[in-house]
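Derivation of every value follows stated rules applied to the coordinates shown; laboratory data play no part. Quick caveat: nothing in here was measured; it's all calculated off a predicted structure. FYI the Cβ positions are ideal-geometry reconstructions off the backbone, even for glycines, and counts take in every protein chain you see.
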Amino acid sequence: MKSKEELIDDLLTLAFAEDVGDGDHTTLSTIPEEETGRQQLIVKEEGFLAGVEIAKKVFAKFDPSLKMTVMIGDGAHVKPGDIAFVVEGKVRSLLQTERIMLNIMQRMSGIATMTARYQKELDGLKTKVLDTRKTTPGMRLLEKEAVKIGGGENHRIGLFDMILIKDNHVDFAGGIPQAVKAAKDYCKANGKDLKIELEVRNSEEIDQALEAGVDRIMLDNFSPERTRDAVRQINGRCEIESSGGITLETLRQYGECGVDFISVGALTHSVKGLDMSFKAC
């Protein structure tokens, strides 16, 4: 299995291949090879900055001679007119890395900003907002990092780092006891130390989940009223996650029920990028 750094490097390799191809012919034809200059990242919209550390990797991978000076780091609250960083070096390199860096920075900052907005709705509660696997293919590690920068927490990164038994697994396995037992046996046989989470649909399934000994119960598409009843039923015997159609407007209602986590797909699948530009200075 590849490391996080290797996966990010693969992503950047693909990004340059699809954008630069065999060369930025506009830049190569109009800018002398020896020309040097400076560009600055200008924030044009209020929000939370994310992606600065990845931007460093973009510039270093394309042209290690580029020099980046950071004024504002990841996680900072920013407003229009703020200068996040300045990069200096060959103009050809600056122009060829501009769009890839901006695509990453804008999307990550948009996710961090959205996450911070959701987490703020839960101020004063124990509940943490979680992301999901509803991410852009190839961008998952960056998008989930942006969630953390925005103050949220990551659910599982992929299918490999946690067991999440959903309704289809239960139905195909023959029931909750059978599914959970099979998962525990699998982990033991394969030397895996993985948390087991189970999605439930009603109070009867909650009892079965508790009896089977899961680490976390996911209340899928429960109303706030049903969620409050479920929290009382579980009574602290395992972690509780609410999921399914929860919006910014309804988020706090669920948090006030006493759940540990609320997973929100919109953090990554419906986000608007934070506006910024990379201009000569």
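Structure notes:
- Karplus (6.51, -1.76, 1.60) ³J(HN,Hα), θ = phi - 60°, over segment 162-179, in Hz, Gly and Pro reported as x: 6, 9, 10, 8, 9, 4, 5, 4, 4, 5, 6, 7, x, x, 5, x, 5, 5
- Computed label-point distance, nm, for sites His77 and His269 using a 7 Å Cα→Cβ extension: 3.1 nm
- Backbone amide hydrogens, once placed in the peptide plane, bring Ile165 within less than 5 Å of Glu197, Leu198, Glu199, excluding anything fewer than 5 places away on its chain.
- Note on Asp10 and Lys134: the model spin-label points, each 7 Å out from Cα along the C-beta direction, lie 2.5 nm apart.
- Shown in residue order for segment 54-71 are the 3J(HN,Hα) couplings computed by the Karplus curve 6.51 cos²θ - 1.76 cosθ + 1.60 at θ = phi - 60°: 6, 4, 4, 5, 4, 5, 5, 5, 6, 8, x, 7, 5, 10, 10, 10, 8, 9 Hz (x for Gly and Pro).
- Semi-axes of the equivalent ellipsoid for segment 24-122, Cα gyration tensor, largest first, Å: 29, 12, 11
- In summary, segment 227-279 shows an alpha-carbon radius of gyration equal to 1.58 times the 2.2 N^0.38 Å reference for compact globular proteins.
- Counting every alpha-carbon pair across segment 40-81, the share separated by more than 11 Å comes to 67%.
- For segment 163-198 versus segment 17-36, the spacing of their alpha-carbon centroids is 53 Å.
- Put simply, the C-alpha atoms of segment 70-218 give a gyration tensor, and the ellipsoid matching it has half-axes of 41, 19, 12 Å, longest first.
- Label-point separation, Ala182 to Lys126 (7 Å along Cα→Cβ), nm: 3.3 nm
- Using a Förster distance of 51 Å, the FRET efficiency for Lys166-Ala60 (Cβ separation, nearest 0.05): 0.80
- Backbone amide hydrogens, once placed in the peptide plane, bring Met276 within less than 5 Å of Lys44, excluding anything fewer than 5 places away on its chain.
- Stretch gain in nm, segment Glu211-Asp22, where the contour uses 0.36 nm per residue and the Cα spacing is subtracted: 62.0 nm
- Mean shadow area of the chain over all directions, Cα convex hull, nm²: 16.9 nm²
- Helical runs (DSSP H, four residues minimum) scored at -39500 (n - 2.57) apiece and divided by the length of the chain put the mean residue ellipticity at 222 nm at -13500 deg cm²/dmol.
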